[in-house]
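Student: Have a look at this one.
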Amino acid sequence: MSETNAKAATQVVRAGLGADKQFNAVVAPIYLSTTYGFNGLEGRGQFDYSRSGNPTRQQLINALVGLEGGAGGDATSTGMGAAGALAHRVLRQGDLVFAPHDCYGGTWRLFTALADSGFIEVAFIDLSAADAQALIAARHPKLVWVETPSNPLLRITDIAAVTEAAHAVNAVVAVDNTFMSPILQRPLDFGVDYVVYSTTKYISGHSDVVGGAIIAATVEDAEQVHWWCNTLGVTASPFDSYLTMRGLRTMAARMALHNSNAEKLVAAVSGHPAIKALYWPGLVSHPGHELAAKQQRSFGAMLSIDVGSFAAATTLCAALKLFTLAESLGGVESLICSPATMTHAAMPAAVQAAAGITPGLLRLSIGIEDSADLIADLGAGLDQVVACGNRAACLG
């Protein structure tokens, strides 16, 4: 069996192994050189300058392309660098973009800034709604940007249906797959044109390196992605690429534990009186449950809870011992954040409200600690919310 035909768990472990032909190092070295020699004026090798191409970064790109089933792409210095490069690749003056109304705050800021500058138009809509495909057909966007599950409300978009509607009007579809990773969902299998990542999250998995990636379905698009990443200067550094590869090799094992912990935690706290709403696609009551079961390999380790008020959210976050109050997600450690004041703070209050982002909403990234400890910690924090009511200072 070749490594390219192996299961994803095997691919991530074997990625880049044996690439060193000089000393037969099992794990390839980091190529920190900024420049590479020519064999004469017409003798350019595979690499010439590290912004344009680097052996360590190429190993990462090859691994991600293989996991996604894509034709090529590039690794970027940040997830937003990937989003910005893709916008430059796809969009022209006056183009219309459709994006989720509850998308990541940085994505909202990017498209809003491009619209405010007069470069594009943007419409933030509920792509999980029944009329989403009709809106695409009616308004002919150039780019449909999908998050599924969405950040932070875990709405599920029908990737195949939205892609079919978009392609019918010659629109390009890009899926931000950060919440899932290629282990749990492969958007290219549903016909999309691009997959975008913040590799900072589950792919790296250790909250110690920032990065992004774009994977394209066709060779032509992959070449253009690389051209734009090089032109804009947003390609990932060799050391960051090395760290990302190091994390990627344990991704399948980590995702299994992330998912198991999330499932156990949701089962333990569902119905707690402090929780006014719980958003996780694994719940049968979730409106996107059946669709998530169809297009995802698991329900993921991201969930959000609404405890009713900002005061209650403050009480809960202060009471927790094993959930770090911080932005980001997908690391081995459990995190909790307030989208309204942290990840989505760029959105005005009215925009947040329209998207369903309330002051009492908290997003949880479930780590790989012992599930019993996480359950006990969150349970005790929720009990504190009930005991204190809405008094934010009730922690004595």
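Student: Provide the percentage of antiparallel DSSP beta bridges, counting only those with both residues in the stretch 3-248; round to the nearest 5.
Tutor: 40 percent
Student: Relative to the longest principal axis of the C-alpha atoms of the chain, give the angle of the C-alpha long axis of helix 251-269, reported between 0 and 90° and rounded to the nearest 10°.
Tutor: That helix lies at roughly 10 degrees to the long axis.
Student: When a/c is below 1.5 the answer is rounded, else prolate if a/b is larger than b/c, else oblate, so apply that to the stretch 254-388 with a ≥ b ≥ c taken from the square roots of the Cα gyration tensor eigenvalues.
Tutor: Rounded shape, in that the Cα axes give a/c under 1.5.
Student: Which one of ALA28, GLN58, LEU127 has its Cα pushed farthest toward the positive end of the charge dipole of the stretch 3-248, where Lys and Arg give +1 and Asp and Glu give -1 at the Cβ?
Tutor: ALA28
Student: Same structure again: Can you compute the FRET efficiency between GLU327 and HIS140 using 1/(1 + (r/R0)^6), with r the Cβ-Cβ distance and R0 = 51 Å? Round to the nearest 0.05.
Tutor: For R0 = 51 Å, the calculated efficiency reads 0.90.
Student: Which entries of LYS201/LYS276; LYS7/LYS294; LYS294/LYS321; LYS7/LYS321 have Cα-Cα distances beyond 26 Å here?
Tutor: Table pairs above 26 Å Cα-Cα are LYS201/LYS276; LYS294/LYS321; LYS7/LYS321.
Student: Here is a further query. How about the stretch 30-79: which chymotrypsin sites (Phe, Trp or Tyr not before Pro) there are in a DSSP loop, with at most 15 other Cβ atoms within 10 Å of their Cβ?
Tutor: Passing sites in the stretch 30-79 are PHE38.
Student: How much length would be gained if the chain were fully extended between LEU32 and LYS294, taking 0.36 nm per residue of separation minus their Cα-Cα distance, in nm to one decimal?
Tutor: Full extension from LEU32 to LYS294 adds 90.0 nm.
Student: If you don't mind, another one. What dipole magnitude, in Debye to the nearest 20, does the chain give about its Cα centre under +1 on Lys/Arg Cβ and -1 on Asp/Glu Cβ?
Tutor: Dipole magnitude for the chain comes out near 380 debye.
Student: Another question, if that's okay. Provide GLU333, GLU68 in ascending order of the number of other Cβ atoms located within 10 Å of each residue's Cβ, fewest first.
Tutor: GLU333, GLU68
Student: Normalised by the number of residues in the stretch 282-357, what is the relative contact order in percent for Cα pairs under 8 Å and 6+ residues apart?
Tutor: 14 percent.
Student: Then there's this: Taking the Cβ of GLU327 as the centre, find all other residues whose Cβ is under 12 Å away and add up their charges (Lys, Arg: +1; Asp, Glu: -1).
Tutor: Net of charged neighbours comes to +2.
Student: Please list, in order along the stretch 207-219, the HN-Hα scalar couplings obtained from phi with the Karplus expression 6.51 cos²θ - 1.76 cosθ + 1.60 (θ = phi - 60°), rounded to whole Hz, x for Gly and Pro.
Tutor: 6, 10, 8, 9, x, x, 7, 10, 10, 10, 7, 10, 4
Student: I would also like to ask the following. Name the residue from ALA354, ALA313, ALA137 whose Cα lies farthest towards the positive end of the charge dipole of the chain, charges +1 on Cβ of Lys and Arg and -1 on Cβ of Asp and Glu.
Tutor: Result: ALA313.
Student: Hey, another quick one. Angle between the Cα long axis of helix 79-90 and the longest principal axis of the chain, 0 to 90 degrees, nearest 10?
Tutor: The helix 79-90 is inclined about 60 degrees to the chain.
Student: Return the long-range amide H neighbours of TYR31 (sequence gap of 5 or more, or a different chain), with a cut-off of under 5 Å between placed amide H atoms.
Tutor: The list, which skips near neighbours in sequence, is THR56.
Student: Taking 0.36 nm per intervening residue step and subtracting the Cα-Cα distance, what contour gain separates TRP227 from ALA130 on full extension?
Tutor: 31.2 nm
Student: Sticking with this one: Using amide H atoms built 1.01 Å from N in the peptide plane, name the residues 5+ places from ILE125, or on other chains, whose amide H lies under 5 Å from its own.
Tutor: ALA99, HIS101
Student: Once Lys and Arg get +1 and Asp and Glu get -1 on their Cβ, which of ALA222, MET255, THR235 lies farthest toward the positive end of the dipole of the stretch 150-309?
Tutor: MET255
Student: Related question: First select every other residue whose beta carbon is under 14 angstrom from the beta carbon of ILE183; then total the charges, Lys and Arg +1, Asp and Glu -1.
Tutor: Around ILE183, the charge tally is +4.
Student: Looking only at the stretch 137-176, which residues have a backbone nitrogen under 11 Å from a spot 7 Å from the Cα of GLU121 in the C-beta direction?
Tutor: So the set is 139-142.
Student: What residue among ARG109, ARG57, ARG92 has the largest mean-square fluctuation in a Gaussian network model of the chain, using Cα springs under 10 Å?
Tutor: Comparing ARG109, ARG57, ARG92 in a Gaussian network model of the chain, the most mobile one is ARG92.
Student: Now for a different question. Could you tally the net charge around GLY81, taking each other residue with its Cβ under 12 Å from the Cβ of GLY81, Lys/Arg +1 and Asp/Glu -1?
Tutor: Value of the local net charge: -2.
Student: Place a label point 7 angstrom from the Cα of VAL13 along the Cα-to-Cβ direction, then list the residues of the stretch 228-261 whose backbone nitrogen is under 18 Å away.
Tutor: Backbone N within reach: 245-258.
Student: Using r as the Cβ-Cβ distance of ALA256 and LEU41, and R0 as 41 Å, what FRET efficiency do you calculate, to the nearest 0.05?
Tutor: The pair ALA256/LEU41 has a calculated efficiency of 0.20.
Student: Going 7 Å from the Cα of ALA346 in the Cα-to-Cβ direction, what parts of the stretch 104-138 have a backbone nitrogen less than 12 Å from that spot?
Tutor: Flagged as within label range: 104-116.
Student: Which FRET efficiency, nearest 0.05, do ALA353 and GLU220 yield, Cβ-Cβ r, R0 45 Å?
Tutor: The value I calculate is 0.60.
Coordinate-derived values only; no laboratory data. All values derive from a computational prediction rather than experimental measurement. Every residue, glycine among them, receives a Cβ derived from its backbone with ideal geometry; neighbour counts consider all protein chains shown.
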